[in-house]
Amino acid sequence: MTSLTPRTPATPKASSTPGTTTTPRATTTPKASPASRVAARAAGGAVRVLLVLAGLFWLLPTAGLLFSSFRSPSDIAGSGWWEVFAAPAQLTTENYTRLLANDTITGSLLSTVLITVPATLLVLLLGSFAGYAFAWLEFPGRDWWFLGVVALLVVPVQVALVPVSKLFGAVGLFETTLGVVLFHTAFGLPFAIFLLRNFFAEIPRELLEAARLDGAGEVRLFTRVVLPLGGPAIASLGIFQFLWVWNDMLIALIFADSQSPPITVALQQQVRQFGNNVDVLAPGAFLSMVVPLAVFFAFQRQFASGVMAGAVK
């Protein structure tokens, strides 16, 4: 009696003929239709147009302030700034001549520089030292100290106005340039330490160990290795600190010298004392806006590198 076993289908044998190769069949991707390509280009063009319009709309107040700074007070009171396109003869540099003759405004610009530059440099210097220490140095309670620095980020400036005013009054720093610089430095350091510590911690440990094997001490390691690598982050921090101090009005209004106030306080005093003094306010406000814009555009490449640092590993 024969047993029935299921027949398995025979598998075809590969061709063993020498010299013959089996080439895989190329898969052709379907080409996009002309209508879809036109629609994609139109969508990209529409996005670009919308972005350009949004940028122009954002710059509209700045353009209005610029044109108003070159118009006479009578023209400003009689019509809008857009009338310069119909009557370009309205533009004059007389307002800037009066501005440079105003000792209050010119002195306030100098006071603003004397406050902003030291406050920015001190934050960059001390923040870099502290960020490197928290990232690569071992000392007791390092993590707890850093946690305290992070906690200081949520402390609002308004909370410290009264106690710091009493402290500055007791030590003779109230209504002085040094007092304003110290206040901005103290409240700028927590964010600086937090930002730079996180950036310095991303530096490969092997790179620092190789520098130590070559005989580099901590100071040389910090100046020759860490600072050059941390340039984008330091530049971004410098831009943020410069813009914050330059545009500040609250701290300057309380702690700065009333005889030589910064530009923000000086413009506010012009509005309060001379409500129709537009020929001084418009060019003064534009000058106070131009300086931080120039700083930003001068370091925009470093700013973009610092913002994107660590986004791609």
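For this structure, a couple of remarks:
- Overall Cα dimensions of the range 138-287 - principal axes, largest extent first, Å: 67, 35, 25
- Label zone at L60, where the point sits 7 Å out along the Cα-to-Cβ direction: the range 72-103 residues whose backbone N lies under 15 Å: 80-83
- Table column - 3J(HN,Hα) (Hz), the range 209-224, Karplus curve with 6.51, -1.76, 1.60, x for Gly and Pro: 5, 5, 5, 5, 5, 7, x, 7, x, 5, 5, 5, 4, 6, 7, 9
- Net dipole in debye of the range 130-209 [+1 Lys, Arg Cβ; -1 Asp, Glu Cβ; about Cα centre; nearest 20]: 280
- Note on exposure: T264, T223 ranked by accessible area (1.4 Å probe, complete protein assembly) read T223, T264, with the most exposed listed first.
- In Hz, Karplus ³J(HN,Hα) per residue of the range 151-160 (6.51, -1.76, 1.60; θ = phi - 60°; x = Gly, Pro): 5, 5, 5, 8, 7, x, 5, 4, 5, 8
- Largest to smallest in accessible area, the residues T93, T62 fall in the order T93, T62 (1.4 Å probe, all protein chains included).
- V52 paired with V155, simple spin-label distance in nm, labels 7 Å along Cα-to-beta-carbon: 5.0
- Extension gain, S72 back to F139 (0.36 nm per residue minus Cα-Cα distance, nm): 17.8 nm
The values are calculated or read from the model by the stated rules, or taken from the named source; none is laboratory data. As the structure is a computational prediction, the values presented were derived from the model and not from experiment. Neighbour counts are summed over all protein chains in view; Cβ atoms, including those assigned to glycine, are modelled from backbone coordinates with ideal geometry. We work out accessible area using only protein heavy atoms, side chains counted, and drop any ligands, DNA or RNA first. Shrake-Rupley method; radii C 1.70, N 1.55, O 1.52, S 1.80 Å.
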